[in-house]
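A.B. asks: Structure below; questions to follow.
The values are calculated or read from the model by the stated rules, or taken from the named source; none is laboratory data. None of the values given here were measured: they were computed from a predicted structure. Glycine gets a Cβ as well: all are built from the backbone with ideal geometry, and neighbour counts include every protein chain shown.
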Amino acid sequence: MELFRLSMLGGLLGLDGTAVGQFMISRPLVAGWLAGWLAGVPELGATIGAILELYLLVSFPTGGARFPEGSTAAVVAVAVATPFGGPGAVALAVAMGLVWGQVGGWSVTVQRRVNGRLVQRLLEMGSSSGGLIRLHLVTILIDFLRGAVITSVGIGVGRFALGLVEAGWPLSKEFSVGALYMGAAVSLGILLHDLGGFRRRRVLFAAGLALGIVGARFL
Amino acid sequence: MLFRSLLIQGAWNYGTMLGPGFAFTLLPVLRRVHAEDPAALASSIERHAEHFNAHPYLASVALGAVARMESDGADNETVRRFKTALRGPLGGLGDTLVWATWLPLVAVGALVLYWFGVPGWVATLTFVVVYNVGHLGLRAWGLRLGLEAGRDVGTRLTEADLGGWARRLQHLLVLGLGVLSGTILGAPDGLGSFGPVVAGLAVVGFVAGLVGGHRAWRPAAAVMVVVIALIGAWGILS
């Protein structure tokens with residue numbers, strides 16, 4: 001039942017990524033918390049979502065670009081981490097989420113090719129308002145199923161893989177999560193690069209850095 | 001139309017991109033304009049389902065303007081040329097303002113809240129509410145602008161100075177990025193607490209991203225996954 005609910009969530013959030021609304025509830029921060037809430041571990045979901053959000057801070061659904069699917073990554077990571085309480089569970093689940101986010105991105109590319117064929121067929125058959133509405137219903141349904149299937153397979157594969165590795169994890173929980181920040185730091189660097197680089201933005205960035213360090217220490 | 005515009009990417013594809021969604025969103029207007037002539041309706045659906053691309057939120061500007069032009073009886077070629085002229089600016093402006101500025105700004109703000117110890121649901125809810133105030137506001141503003149200005153929407157778009165808004169918000173984003181980095185580094189259980197080696201490696205990662213840009217993302221994520229897999233494998237073997 002839990003797998004079914006999480007797969008449905010994967011399908012719904014997959015829709016938000018491109019096809020329906022783009023309210024950004026498919027961002028890892030939101031998807032992680034929602035998956036955690038459904039699985040009964042909202043704070044674990046928020047932690048995993050926040051870490052994945054750091055990694056995917058520079059990944060946006062722009063035009064035809066292929067991007068890692070953040071909702072799949074977050075739902076799979078939370079679902080994979082939930083049954084395992086060991087110190088490596090979060091780190092291994094985030095790694096699994098990052099891998100499966102790429103699989104999700106690939107499936108979006110396939111979906112868009114399928115959409116192209118369906119649109120071509122509509123145009124060849126002569127466009128009608130009924131045909132156009134049916135086209136949208138069908139493509140949205142396919143996208144939902146795509147998200148749900150990719151999520152459920154990811155959860156199955158991830159739980160199997162984590163079951164093999166997790167018991168022997170040699171690092172502490174705190175250190176494992178800390179190690180994840182090292183990779184996330186790359187995304188923060190990329191974002192500053194996109195905003196003009198350190199030379200142009202050094203004063204504002206340094207001011208923010210000082211504020212953050214002081215705030216984290218004393219608030 | 002505003003509600004329908006939420007599905008504008010429902011049939012997004014590499015050939016016609018937003019085209020089918022554009023026709024789908026415009027359908028109530030086209031039905032009204034061509035109520036007496038089914039052949040003209042089919043022809044106009046086909047024309048609007050052709051290739052079109054723009055940022056999904058700012059596409060509402062084009063939708064409003066085209067709805068006005070269709071209602072005013074503009075000829076097909078004028079509407080086609082108008083759409084072609086508008087799609088580049090709407091794509092570029094939307095990508096800069098929304099994807100490259102607004103989304104990361106609100107996400108960084110929510111992450112700062114989270115690492116400052118605010119409960120996860122509060123940070124998440126804050127992100128969703130604040131982001132969508134901007135998102136839905138932009139869609140509604142764009143549709144209204146298009147409907148009011150019709151084919152003169154280009155001038156009104158220039159006057160709105162969306163690029164200037166993006167630049168101003170980017171200052172705030174840089175500050176937020178600094179605060180987020182400082183919070184992760186300085187929090188009691190943050191990066192700084194793992195000693196100089198881990199903190200130093202994070203700084204190396206940050207510099208790699210700063211220098212390499214987006215080229216650095218996939219290799220960095222791959223290295224992270226491989227390192228975690230190797231630690232796991234080492235744990236099993238030992």
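Residues checked against (1) at pLDDT 95 or above; (2) hydrophobic (A, V, I, L, M, F, W, C); (3) more than 18 Å from A:A179 (Cα to Cα):
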position	(1), (2), (3)
A:M24	yes, yes, yes
A:A50	yes, yes, no
A:V76	yes, yes, yes
A:A89	no, yes, no
A:L98	no, yes, no
A:G104	yes, no, yes
A:R121	no, no, yes
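A.B. asks: Further question on the same structure: Do we have B:W141 as crowded, with 16+ Cβ neighbours inside 10 Å and at the interface with another protein chain (Cβ under 9 Å from one of its Cβ atoms) here?
C.D. replies: no
Per-residue answers, yes or no, for (1) touching a helix residue (DSSP H, G or I) at 6+ places or on another chain (Cβ under 8 Å); (2) in the same structural domain as B:L138 (by TED's automatic domain parsing); (3) touching a residue at least 60 places away in the same chain (Cβ under 8 Å):
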site: B:G10; (1), (2), (3): yes, yes, no
site: B:V33; (1), (2), (3): yes, yes, no
site: B:A42; (1), (2), (3): no, yes, no
site: B:R47; (1), (2), (3): yes, yes, no
site: B:S60; (1), (2), (3): yes, yes, yes
site: B:R68; (1), (2), (3): yes, yes, yes
site: B:A74; (1), (2), (3): yes, yes, yes
site: B:V79; (1), (2), (3): yes, yes, no
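A.B. asks: Looking at the structure I just gave you, is B:A160 surrounded by fewer than 17 Cβ atoms within 10 Å (Cβ to Cβ), farther than 18 Å from A:R199 by Cα and either touching a Gly at 6+ places or on another chain (Cβ under 9 Å) or more than 9 Å from every other protein chain (Cβ to nearest Cβ) (or both)? Please lay out each step first, then the result.
C.D. replies: Details: surrounded by fewer than 17 Cβ atoms within 10 Å (Cβ to Cβ): yes; farther than 18 Å from A:R199 by Cα: yes; either touching a Gly at 6+ places or on another chain (Cβ under 9 Å) or more than 9 Å from every other protein chain (Cβ to nearest Cβ) (or both): yes.
Answer is yes for this residue.
A.B. asks: I need a count of the residues in segment A:34-63 that are of a type outside the set (D, E, K, R), free of Cβ contacts under 8 Å to residues at least 24 places away in the same chain and within 7 Å of chain B (Cβ to nearest Cβ).
C.D. replies: Looking only at that region, the number is 6.
A.B. asks: Continuing with this model, one more query. Taking segment A:198-214, which residues are at pLDDT below 90 and either within 28 Å of the chain's Cα centre (by Cα) or not basic (K, R) (or both)?
C.D. replies: Correct list: A:F198 only.
A.B. asks: Return the total of residues in segment B:173-200 being over 22 Å from B:G117 (Cβ atoms) and at pLDDT 85 or above.
C.D. replies: 3
A.B. asks: Among B:V130, B:V112, which is assigned by TED's automatic domain parsing to the domain that holds B:S181, β-branched (V, I, T), more than 30 Å from B:G73 (Cα to Cα) and surrounded by fewer than 20 Cβ atoms within 10 Å (Cβ to Cβ)?
C.D. replies: Details: B:V112 fails: surrounded by fewer than 20 Cβ atoms within 10 Å (Cβ to Cβ).
Criteria check complete, one pass: B:V130.
A.B. asks: Would you mind stating whether B:E50 is in a loop (DSSP other than H, G, I, E, B), more than 10 Å from chain A (Cβ to nearest Cβ) and out of contact with any His (no Cβ under 6 Å at 6 or more places or on another chain)?
C.D. replies: So B:E50 fails the test.
A.B. asks: Give the residue, chosen from B:W121, B:W99, that is under 22 Å from A:S26 (Cβ atoms), part of a helix (DSSP H, G or I) and in contact with a Pro (Cβ under 7 Å, 6 or more places away or on another chain).
C.D. replies: Result: B:W121 is the single residue among B:W121, B:W99 that is under 22 Å from A:S26 (Cβ atoms), part of a helix (DSSP H, G or I) and in contact with a Pro (Cβ under 7 Å, 6 or more places away or on another chain).
A.B. asks: Same structure again: Restricting to segment B:82-121, count the residues that are within 11 Å of another protein chain (Cβ to nearest Cβ) and of a type in the set (S, T, N, Q).
C.D. replies: Residues meeting the conditions: 2.
A.B. asks: On the given criteria, is A:F144 surrounded by fewer than 17 Cβ atoms within 10 Å (Cβ to Cβ), more than 7 Å from chain B (Cβ to nearest Cβ) and on the phi < 0 side of the Ramachandran plot?
C.D. replies: So A:F144 fails the test.
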